[in-house]
Amino acid sequence: MLIRKARIGDSGDIAVHAMLAMEEIVYYFTGKRDWEEGILFLKYMAEQDSNQYSWQNCWVVDNRGMIEAVAIVYDGAALASLRSPVVEEVRRRYNRDIYPEDETEAGEWYIDCIAVNPAVQGKGTGSLLLQFLIDEYALKSRITLGLLVDTDNPAARRLYLKLGFKQVGEKTLAGKKMEHLRYFP
């Protein structure tokens, strides 16, 4: 098992994994409750450069060529410039104007999404990926990591707290109340 930076050829896997983690948010973006359409949208965004869902911002867990997990991570200070192409693509593709709330901010590198293939969930892959991100960003580079956790997902919250994340507040994203957690170096 190898944790590596994503490549553009991983975009299909990135899209499927991101959809697992962000289904309701993607439906908010597209205006459609359509799983396949959501994956097509995310795959397109993952294939592009310089947006929040770009392959450039992804880490993958690669187990002999099979992507088992994905994490999308970027500098919170860059949210506006990374989100702009997403909002523009939603406008172009779906004729929708969306105004998502700011989910991150300067001063943290944001784990926008982390998702594990359901076939390997419960085997420690997600914890391994999170620990890698903590090591890579917080411990080696002395960078604060941030993430949002859905208040309806207590298992994920417990995992984040167990790994050392601390609650620093609450945010709303796509109309949903979330807890804002950070891991401080």
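The values are calculated or read from the model by the stated rules, or taken from the named source; none is laboratory data. The structure presented is a predicted model; accordingly, all values stated were derived computationally and were not measured. All Cβ positions, glycine included, derive from the backbone under ideal geometry; neighbour counts span all protein chains shown.
Miscellaneous remarks
- Taking the listed residues Glu170, Glu103, the one that is among the acidic types (Asp, Glu) and crowded, with 19+ Cβ neighbours inside 10 Å is Glu103, with no other qualifying.
- Among residues of region 49-99, those that are crowded, with 20+ Cβ neighbours inside 10 Å and in a loop (DSSP other than H, G, I, E, B), counted: 4
- In the set Ala46, Ala18, Ala115, only one residue is of a type in the set (A, V, I, L, M), more than 29 Å from Val168 (Cα to Cα) and either under 12 Å from the mean Cα position of the chain (by Cα) or in a loop (DSSP other than H, G, I, E, B) (or both); that residue is Ala46.
- The residues of region 86-120 that are out of contact with any strand residue (DSSP E or B) (no Cβ under 9 Å at 6 or more places or on another chain) and not basic (Lys, Arg), listed by number, are Val86, Val87, Glu88, Glu89, Val90, Tyr94, Asn95, Asp97, Ile98, Tyr99, Pro118.
- Scanning region 79-89 for any residue that is in contact (Cβ under 8 Å) with a residue 60 or more places away in the chain, closer than 24 Å to Gly38 by Cβ and in contact with a Pro (Cβ under 8 Å, 6 or more places away or on another chain) turns up nothing.
- Among the residues of region 125-135, not a single one is aliphatic (A, V, I, L, M), modelled with pLDDT under 95 and out of contact with any helix residue (DSSP H, G or I) (no Cβ under 7 Å at 6 or more places or on another chain).
- Here Glu179 fulfils each of the conditions (1) under 17 Å from the mean Cα position of the chain (by Cα); (2) charged (D, E, K, R); (3) surrounded by fewer than 12 Cβ atoms within 10 Å (Cβ to Cβ) apart from (3).
- Test result for Leu130, without any contact (Cβ under 8 Å) to a residue 60 or more places away in the chain, part of a helix (DSSP H, G or I), in contact with a strand residue (DSSP E or B) (Cβ under 8 Å, 6 or more places away or on another chain) and not basic (Lys, Arg): yes
- Residues of region 128-146 that are of a type in the set (S, T, N, Q) and under 20 Å from Val116 (Cβ atoms): Gln131 alone.
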